[in-house]
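Visitor: Have a look at the structure that comes next, please.
The values are calculated or read from the model by the stated rules, or taken from the named source; none is laboratory data. Worth saying up front: this structure is predicted, and the values here are computed from it rather than measured. Heads up, the Cβs are rebuilt from the backbone with ideal geometry, glycines too, and the neighbour counts pull from every protein chain shown. What goes into the accessible areas is simple: the full protein's heavy atoms, side chains included, and nothing from ligands, DNA or RNA. Shrake-Rupley method; radii C 1.70, N 1.55, O 1.52, S 1.80 Å.
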Amino acid sequence: MSCGEIPDGLANAEEAEAVMPRRRQIRRIDKSLCQRCKTAKSMYLIRNVTYCKACFQHNVFTRFMKTLHPPLKPSTTSDGGTNAKSKQTQGGLRPPKQIGSSLIGLSGGSSSLTMLDLLISKQYIGDDNDRIIDKTKGEKEPIWNKGFVIYVEFDHILNNQLHGSTTPGNQDESLLTSRLEEIENWVKEQNHNLTFIGLNAEDVFDPNLKKRIKALVGIQEGNEDTQSAEGISVDLKNPDLPLFPIPSSSTSTTTPLDQLRSLLASLPAPSRPSLLSSILTSLITITSQTIPNISHILLGETSTRQAQRLISGTASGKGYTLPLELAVSYKAENAITILKPMKEITTKETAIYSYLKGWNGFIRNERKWDNAGPKSKKDSRGKGDIKSLESLTELFIATLAVTHPSTVSTINRTGDKLMFTGEKGQEVSCPVCQLPVDPHALQWKSRTALTSLPTKTIADISSPDDEKNEKLATLLCYACLTTFTPPTVVAKALRSDTEPVQLPYWIGENVRRKVARVEMKEDIKDFLIGEE
């Protein structure tokens, strides 16, 4: 076979078929120059596109803007026209001023710091004053008049390898406190009159949490700020998860930190990150409900984190609510809208942005939630330290993205096609994750999970009082039911000990609210008019 051209008339039919067609010329791109401005020297390669420093920062803000603007624009006009719908798809137009303040979640990682920096530098958040904006001088009207920043510290419950300690009791409390102070000082350095709210993960066991939040933001306390002192405990070694009330008159010397450590020690190691994620969500939700006039919650989840959430959530049984968790905008039960403006930006880009801002020695991207609770013992085969689905998925995507840069975008494009099959606003929420519950979760679990061994003789751990108590298993969604369900193989010595473990106060309040609603429907069912 020849690659050259044979002059016309000198080749027969067989020779003409044997000639290889000439390769099409491909326009070569000079990777040494920025492909956006075509003049400056390229410094960063993102999705096979080179950028200089200025163009990279502009590109990050452009995608941030196209994600944040559409949910903040009105969907319909007063006359029912369709112009607003077409404007909603255009991310370049600045949305109108929102009624209410914003609550910004800050984790200390590159994504949340980048999000907060963009919100401040582009004048999306005001400094809570009534100063008249002079647009002739280039000033822009803020979208939110006031901004609150919340940070939740988890280092107290970790087997803190970050500070060189291997046991929770040996952690240096001054180092843990200094991290929260570092975040607070960084927020104050922005000089934007942002109110900082610093909480710890164990605060979910504090009955005076709402009072503390109002004290941090300078709001006068009210009579309704104290949460119900009546907690509930659960027997995590029983598959039905029976609940036991804890009277308010009972005196306990355990601290909230000890209670949280006891709860984590009662759960399998792979289930602990899922519980910590629910604790983080609950603290943000309680804060947004406690501070008046909060209209939006902004979270800095990048596209990389969204891809990890999609795969790990599917594996753990969150498929029913995944479309809501992955959505850019989601309105919770309390009518507060949750926004994720960093969805189209990868973790690599936020790391570069943080480097350009000089935050390298300040940011922490690793959560290390697998280190929470006691370490699992190794078995006879030498295997132990079981990792959670979240950490395994994070490692898998990070490794695959090195050789396949389109991994994250491909996963997210698949996730964008998911649709929520339930009816929003009419679903019963799970008391733990506070997301809609699949009505057939418990039936599906009973058909697919092995909860008893009929050929084995296992001591009966149920008691007559368990039949009178409410069962937590009937109230949970499939994912949370998997989190709290005990392992299939449990030693007899452990099953004989049925000491309940106290649950956080937010779970107890949601359980009582849900049970009261069911009892009310049961009382009035005879007076309801049927569909016929």
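Visitor: What are the residues whose amide H is under 5 Å from the amide H of Leu33, where those residues sit 5 or more places off or on another chain and H is modelled from the backbone?
Guide: Answer set, sorted by chain and number: Ser42.
Visitor: Just reorder Met419, Met43, Met342 by solvent-accessible area, largest first, 1.4 Å probe, all chains present.
Guide: Reading off the accessible areas and sorting them downward yields Met419, Met43, Met342.
Visitor: Using r as the Cβ-Cβ distance of Ser329 and Met419, and R0 as 22 Å, what FRET efficiency do you calculate, to the nearest 0.05?
Guide: Given R0 = 22 Å and the Cβ-Cβ separation, E is 0.90.
Visitor: Say each of Lys38 and Asp258 gets a label point 7 Å from the Cα, pointing the same way as Cα to Cβ; how far apart are those two points in nm?
Guide: Placing both labels 7 Å beyond Cα along the Cβ direction yields 7.1 nm.
Visitor: Let me ask something else about it. Heavy atoms of the protein only, probe of 1.4 Å, neighbouring chains included. What is the accessible area of His156 in Å², nearest 10?
Guide: Approximately 20 Å² of His156 is accessible to the 1.4 Å probe.
Visitor: Could you order Arg94, Arg63 by accessible surface area, starting with the largest, using a probe radius of 1.4 Å?
Guide: Putting Arg94, Arg63 in descending order of accessible area: Arg94, Arg63.
Visitor: Using a 10 Å cut-off on Cβ atoms, rank the peptides 30-38, 331-339 from the highest mean neighbour count down.
Guide: Packing proxy ranking, top to bottom: 331-339, 30-38.
Visitor: Peptides 264-271, 108-115, 233-240, 211-218: what's the order by average Cβ count within 10 Å, highest mean first?
Guide: 108-115, 233-240, 264-271, 211-218
Visitor: Anything over 29 Å Cα to Cα? Flag those among Lys66/Lys135; Lys31/Lys135; Lys340/Lys471; Lys368/Lys471; Lys53/Lys122; Lys237/Lys514, in the order listed.
Guide: From Lys66/Lys135; Lys31/Lys135; Lys340/Lys471; Lys368/Lys471; Lys53/Lys122; Lys237/Lys514, over 29 Å: Lys31/Lys135; Lys340/Lys471; Lys368/Lys471.
Visitor: How much accessible surface does Glu390 have with a 1.4 Å probe, in Å² rounded to 10?
Guide: Solvent-accessible area, nearest 10 Å²: 50 Å².
Visitor: Considering only protein heavy atoms, with the full assembly of protein chains and a 1.4 angstrom probe, order Glu301, Glu230, Glu509 by accessible area, largest first.
Guide: Greatest to least solvent exposure: Glu230, Glu509, Glu301.
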